[in-house]
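Inspection log for the structure reproduced underneath, given as structure tokens.
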């Protein structure tokens, strides 16, 4: 099973999702990430937050969704924050789609400690959502039930 996490810059949220998913997922499941307007580099605090949590940063890089044109993911989850007025990337195909909006921690203004705390809080929220996803009885859910469960997870 392949899951693609999409956001705008592919430097924080979707990168964190990719790393957390690949850290927690069993064999046979793999996450990827991309952005509609990639920054070209992963935010340093994304990497630091992952490393502090004991998660691998190996192979993470900011990239366009064009890189995954032949991926054929089973799931596509957008993590951009609609409330911030961002344009979420659109991915066409037969994949099951969901939106798990997350505030961009790189947009947080405050002290260095407060900014780092925003990245840590985002990582924890992502971890909660991915653990809920991995606990789903995927084979037992209808397409409609799966979409409903994914929407619910996006509110956690």
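Rule-based calculations on the coordinates, nothing more; no lab input. As the structure is a prediction and not an experimental result, all values here were calculated from the model. All Cβ positions, even for glycine, are placed from backbone atoms using ideal geometry, and neighbour counts span all protein chains on display.
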Query - Label assignment, semi-axes √(5λ) of the Cα gyration tensor in Å derived from the structure, set [x] 27, 19, 14; [y] 23, 17, 15; [z] 42, 19, 13 - result: [y]
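Pairs of alpha-carbon atoms within less than 8 angstrom and 6+ residues apart define the contacts here; what relative contact order does the chain have, in percent? List each step's numbers first, then the result.
Numbers: 285 pairs, mean separation 39.7, N = 156.
Rounded, it is 25 percent for the chain.
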Query - Virtual paramagnetic centre 7 Å along Cα→Cβ of residue 27, amide N under 18 Å, in the stretch 40-55 - result: none
Query raised in the report: Could you give the distance between the Cα centres of the stretch 17-81 and the stretch 116-144, to the whole Å?
Result: 14
